[in-house]
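All remarks here apply to the structure that follows.
Bear in mind that the values in this text are calculations on the coordinates, not laboratory data. Quick caveat: nothing in here was measured; it's all calculated off a predicted structure. Note that each Cβ is placed from the backbone with ideal geometry, even for glycine, and that neighbours are counted across all protein chains shown.
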Amino acid sequence: MKAKKGELKVITGNSAAAYGAMLCRPDVVASYPITPQTEVVEQLSKFHADGVLEAEMIEVEGENSAMNAVAAATLAGGRAFTATSSWGLVYMYDAVLQAAGFRAPVVMANVNRETPGILAVSSGQQDMIQTRDAGWIQVIVENSQEILDTIIMAFRLAEDYDIQLPVMVNYDGFYISYLAEGVRIPAKDDVDQFLAVLKTQPKRTIMDPTHPIGAGSHGLMTEFMELRYKHCAALDRAKKKFDEIDKDYGDFFGRSYGGQIEEYRTEDADFVILTSGSAVGTSRTVVDAKRAEGVKVGLIKLRMFRPFPQEKLIKAIKGKKAVGVIDRSVNFGWNSGPIYTELRALYPEIGPMPILSFIDGLASIDITKPHIERVIDDVANAAKGKPYQAVTWIPLEERE
Amino acid sequence: MKEIRFHGRGGQGAVLAARMLAISLVAEGKCVASFPMYGFERRGAPVVAFTRFDDKQIMEKTQIYNPDCLVVIDPGLLKLPTLFTGLNPNGTLILNSSKVFDKQPNENLKLAGVVNATQIAVEEVGRDVPNTCLLGAFAAVTGWVGLQSVMASVGEYFGGEILRKNLRCVERGYNEVKVIKWQ
C-alpha cells in the first residue's frame, strides 16, 4: 500500500520540522525560542491555536525546563517533541544527559548554530558535536523535505521497543532552517499508519503514580555498568533499525534517504568525499561537474553521526584510493574536524589510504562550490600518491 | 536555473518578498529554493535573500554569487561596492527608487526596472513596505513569473484590508515600472 501524495507547500526548514512533529500527534510539546529555531515554536503554537495540534503545549521559562518536561512526558508513556539550538542546547545539557540515561524517547530538532565561547549567531555544527557523547541518536539532514520526513522516522526509531532512546534531528541553521522549498506534507492518517507498528510492540515501562517504581535514582558498580552496556547495545541496534525504518518510509511515502549514509556516485569512484548537512547538496553539483570532466569522485552523505555508521562507511570506502572529510565544526584537542577523527578510527578496516580533513563553514561561512572543488582537487592529488596536508582550514588559507 | 538576489534592510520585507516569489514560482510548476542570510533579527540591518528556480530540484545550498537578477529594495544599498560583482552578463535589476538611471551602472546590467515602490507603499498601505510592489515590477520586467501567481502568493501571507492594499501595490508595481535597456 502506498501513502497519498500529500499537499505541496512552500515552507521553510523550521516549518517542516513543526509539520513533521505535528503530524506525529505528540502528547506534549515544550520548547523555548532561540535564533535560528524560533519559527519552529511559532509554527507549533499556530498549529495548537488552530486546533491542528492537540498536544499539551507547556510554556517553559527556558530550555532546561523544556527538556525536563518532554523527557518526563515520554517516561509517563507519552509522545513528546522539542526543538532548540546552540545556547539552548547547552542550557539544557544536564537534562539532555538525563533523558538519555532514563532512555526517554524524546524527539528533538536541533538547529545547528555555533556555541558559547565566541558569540556568533550563525551556522555551524559545534552544538551537536558538544552533545556527541550524551548517548543520544544524532541524525543530520540536508533539506526541508528531509527534515519533515526524518522527524516522522525519528519517532518510530526513538519509541521502538528495542531502542527507547532520544533522537536529535540536526539541520544547519540559516542555510536550511530558513530555506523555503516545495515540501510534500504527508496526510495525517498516512503518518498514523506509518507509526501504527509501534502499537503492536510490547509496552515500554512507564512512570505511573498509581504503580510506583524506582528508576534512575542511582546505579552502583555492576548495575551501573549493566545500564551503560545496555544503552550502548541499544545505540548499536539503532543503526540497522534506522535503515529498516528508512526503507519502510520509502516503500510507503515514496521518499527514502539511504538510512545511516547515502552514497552518491561512489560505486566506480577512485576516491570519495564525506560530508553532512547542507554541504551535501552543493557537493552533489560539484561531484557531477567533476564527473563530467572525467574525475572519478564519489560523495558520501553522513546522516547518522551517533551511533557512528562504522560498517556502512567501511563498506563504502574500502578499496578507494583516498577520502576527504568536510566538517562544519572542530574537534578540540585533535586540531581537525570531528567527523574526520571518527573516520580515522576506521583506518585499520578501510585500509591504508590518505584521509584528509577540511574545516569549513564555521560561523555561517558559505561552503561554496570553489571550496568543494578545492577539496576534490586536493583529495584527487592525494589519491595519486602526491604529498598532502592532513588538515586544511579552507577559508583561512583562501584569505592569505 | 535562474538566480535572484534581494538586497534590503530588516523590516522592509526582503525575506517575505523572496518567499512570496518562491510560492508563485512553485504554483507555476517550478522547483524553488529560497533563503535569507542575516544574524539577529534587527530592523534596519542589511538583509540579503537568495531565490533560485529551475525545472528540476535544486541541490545548491550556497549563497548566490552570479545572480541573473538583483532586486534592490533599499536604494541606499546601490552604493554597496560589491552589489554588481558577479552579475550575469545579461543581468537584470529591479530597483526601488524615485530616480531613473542617467547612465548604465554596470556593464553586465542590460535590463533595469525602476519603480518608486516606497511612495506607492506609503500611498496604498500607509507605510514604507515596498516589497510587494517590487514583486509586481519583477513580474513585469523579467516575465519569469505571472502577475496572477504573484498576487495569489501575497494572499498566503495577508488577508482582508491589508491584502487588498498589498494587491494594489503589486498591480501598480506591474503597471508603473519604468523599463530601461542597455546594449
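Take the Cβ-Cβ distance between residue A:386 and residue B:85 as r, set R0 to 35 Å, and report the resulting FRET efficiency rounded to the nearest 0.05. Between residue A:386 and residue B:85 the formula returns 0.55. Residues within the reach of a label modelled at residue A:230 (point 7 angstrom out along Cα to beta-carbon, backbone nitrogen below 20 Å), restricted to region A:185-216, are A:201-209, A:211-216.
Sequentially through region B:87-94, phi angles give Karplus couplings (6.51, -1.76, 1.60; θ = phi - 60°) of 4, 3, x, 10, x, 10, 10, 10 Hz, Gly and Pro residues having no value and appearing as x. In region A:316-400, the alpha-carbon atoms span a convex hull of 102 Å³ per residue. Using every pair of distinct Cα positions in region A:19-144, the Kirkwood expression returns a hydrodynamic radius of 14.6 angstrom. Rounded to the nearest Å, what's the spacing between the alpha carbon centres of region B:21-84 and region A:304-341? Just the number, please. Here the answer is 33 Å between Cα centres. Need one number: % antiparallel among DSSP beta bridges in the protein assembly as shown, to the nearest 5. Bridges in the protein assembly as shown are about 40 percent antiparallel. Rounded to the nearest 20, the Cβ-based charge dipole of region B:22-104 about its Cα centre (Lys and Arg +1, Asp and Glu -1) stands at 240 debye. Among the trypsin sites (Lys or Arg not before Pro) in region B:1-41, none is located in a DSSP loop while being surrounded by at most 13 other Cβ atoms within 10 Å of its own Cβ. Cα convex hull of region B:17-100: mean projected area in nm², to one decimal? Taking a quarter of the hull surface, the average projection is 6.8 nm².
With springs only between Cα atoms under 10 Å apart, run a GNM on chain A and tell me which of A:354, A:209, A:387 wobbles the most. Ranking A:354, A:209, A:387 by mean-square fluctuation puts A:209 first. With R₀ fixed at 35 Å, the C-beta to C-beta distance from residue B:181 to residue A:293 puts the FRET efficiency at about 0.40.
Each residue of region A:333-350 was assigned a 3J(HN,Hα) from its phi angle through the Karplus curve 6.51 cos²θ - 1.76 cosθ + 1.60 (θ = phi - 60°); the sequence is x, 10, 6, 6, x, x, 5, 4, 5, 4, 5, 4, 5, 8, 3, x, 7, 7 Hz, with glycine and proline shown as x.
Per-residue extension of 0.36 nm, minus the Cα-Cα distance of residue A:1 and residue A:46, leaves a gain of 13.0 nm for this segment. Counted over region A:135-193 with a bin width of 10 Å, the fraction of Cα pairs per bin, in whole percents, is 21, 46, 29, 4.
Placing pseudo-labels 7 Å out from each Cα toward the beta carbon at residue A:210 and residue B:156 gives an inter-label distance of 4.8 nm. Please give the helix A:278-292 orientation as an angle from the longest Cα principal axis of chain A, in degrees from 0 to 90, rounded to the nearest 10. Its long axis makes an angle of about 30 degrees. For chain A, the relative contact order is 16 percent, taking Cα pairs closer than 8 Å that sit 6 or more residues apart in sequence and dividing their mean separation by the residue count. At an R0 of 60 angstrom, the distance between the Cβ atoms of residue B:100 and residue A:315 translates into a FRET efficiency of 0.45.
Taking 37 °C and 0.692 mPa s as conditions, region B:88-183 diffuses translationally at an estimated 243 µm²/s according to Stokes-Einstein applied to its Kirkwood radius (Cα pairs). Return the Rg/Rh ratio of region A:247-400 with Cα-based radii and a Kirkwood Rh. Here the Rg-to-Rh quotient is 0.95.
Taking amide H as placed 1.01 Å from N in the peptide plane, residue A:143 has no amide H partner under 5 Å among residues 5 or more places away or on another chain. Given +1 at the Cβ of Lys and Arg, -1 at the Cβ of Asp and Glu and no other charges, the dipole of the protein assembly as shown around its Cα centre is 980 debye to the nearest 20. The dipole here belongs to chain B: it is taken about the Cα centre, uses +1 on the Cβ of Lys and Arg and -1 on the Cβ of Asp and Glu, and is about 240 debye. Qualifying trypsin sites (Lys or Arg not before Pro) in region A:319-400, where qualification requires a DSSP coil assignment and no more than 14 other C-beta atoms within 10 Å, comprise A:384. Looking at region A:261-399, the DSSP beta bridges with both ends there are about 25 percent antiparallel. With the simple model of a label 7 Å out from the Cα in the direction of the Cβ, residue A:222 to residue A:345 spans 2.7 nm. Per residue of peptide B:61-73, the mean number of Cβ atoms on other chains within 10 Å of the residue Cβ is 3. For residue A:336, list long-range residues whose amide hydrogen, built 1.01 Å from N in the peptide plane, is under 5 Å from its own amide hydrogen. When sequence neighbours closer than 5 places are left aside, the close amide H contacts are A:331. Region A:202-265 and region A:72-108 have Cα centres separated by 14 Å. Start at zero, step by 10 Å, and the Cα-Cα distances of region A:77-158 spread as 17, 51, 29, 4 percent across the bins. Across region A:155-256, the fraction of Cα-Cα pairs farther apart than 19 Å, rounded to a whole number, is 62%. For chain B, taking a cut-off of 4.7 Å between Cβ atoms, the unpaired cysteines are B:31, B:69. Under 5 Å from the amide H of residue A:207 lie the amide H atoms of A:76, A:77, each residue being 5 or more positions distant or on a separate chain, with H modelled from the backbone and absent for Pro and chain starts.
Computed from the Cα positions only, the extents of region A:262-335 along the three principal axes stand at 38, 24, 21 Å, in decreasing order. Averaging the sequence gap over all C-alpha pairs within less than 8 Å and six or more residues apart, then dividing by the number of residues, gives chain B a relative contact order of 22 percent. Backbone geometry of region B:155-166 corresponds, through the Karplus equation with coefficients 6.51, -1.76 and 1.60 at θ = phi - 60°, to 3J(HN,Hα) couplings of x, 6, 10, 10, x, x, 5, 5, 5, 4, 5, 5 Hz, x marking Gly and Pro. Using bins of 5 Å that start at zero, the share of Cα-Cα pairs per bin across chain B amounts to 1, 9, 18, 23, 23, 16, 8, 2, 0, in whole %. Quick one: compute the contact order of region A:169-266, relative version, from alpha carbon pairs under 8 angstrom and 6+ residues apart, as a percent. Computed value for region A:169-266: 18 percent relative contact order.
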